[in-house]
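Participant: What follows is a structure written as structure tokens; I'll ask about it next.
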């Protein structure tokens, strides 16, 4: 069969559609990965901003407590208790912030790993699909070639049988003419 037949064109169109679908999925996942990376970058910036806010608040509170100590006689013991409690609270906030960031980063890393695994599996499935598609195309073309050959053989047999019948009919007609001529 010719390579420019409608069957080849249909299979080529299907193959291109599959390739475009695969590319669209890969681009979608790549976009999601970039979005995840941007979120991670944003989280890092947010963490830095929160730490700066904590530091500013801590410094302001420390300055306030130092002002009280300097201006209120006998306040040292009470200010020290406040300072200890304040320090515990700032440490708890920083610890919670660190844990939240680690959890978020772990989740983003896990998401990225899962995306990579998905892309790998998708690639393997698409490879199998393309192989199967190619096999199906070859089998279809072989079937069509075999069918054409069988039809050609049947046509030749039919022509041969028709020629034999025509020859027999001509022979019978000649025999009839000869018989009619002999009788006259």
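The values are calculated or read from the model by the stated rules, or taken from the named source; none is laboratory data. Everything numeric here is computed off the predicted structure, so don't read it as measured data. For neighbour counting, all protein chains shown are included, and Cβ atoms are generated from backbone atoms with ideal geometry for every residue, glycine included.
Participant: Can you tell which of 27, 14, 51, 22 is at pLDDT 80 or above, under 24 Å from residue 90 (Cα atoms) and in a helix (DSSP H, G or I)?
Facilitator: Sole residue among the options that is at pLDDT 80 or above, under 24 Å from residue 90 (Cα atoms) and in a helix (DSSP H, G or I): 51.
Participant: Would you mind stating whether residue 120 is part of a helix (DSSP H, G or I), farther than 21 Å from residue 41 by Cα and under 43 Å from the mean Cα position of the chain (by Cα)?
Facilitator: It is true that residue 120 is part of a helix (DSSP H, G or I), farther than 21 Å from residue 41 by Cα and under 43 Å from the mean Cα position of the chain (by Cα).
Participant: What are the residue pairs meeting all of these: first residue in region 115-128, first residue closer than 11 Å to residue 29 by Cβ, second residue at pLDDT below 85, Cβ atoms under 6 Å, and 6 or more apart or on different chains?
Facilitator: Sorted first by the residue in region 115-128, then by its partner, the pairs are 115/29; 115/33; 119/29.
Participant: Conditions: (1) under 30 Å from residue 29 (Cα atoms); (2) out of contact with any helix residue (DSSP H, G or I) (no Cβ under 9 Å at 6 or more places or on another chain). Residue 154 meets all but one. Number of the miss?
Facilitator: (1)
Participant: Among (1) surrounded by 10 or more Cβ atoms within 10 Å (Cβ to Cβ); (2) out of contact with any helix residue (DSSP H, G or I) (no Cβ under 8 Å at 6 or more places or on another chain), which single condition is residue 104 missing?
Facilitator: Every listed condition holds for residue 104 apart from (2).
Participant: Based on this model, can you work out whether residue 149 counts as within 43 Å of the chain's Cα centre (by Cα), over 30 Å from residue 18 (Cβ atoms) and either modelled with pLDDT of 90 or more or not in a helix (DSSP H, G or I) (or both)?
Facilitator: Yes: the conditions hold for residue 149.
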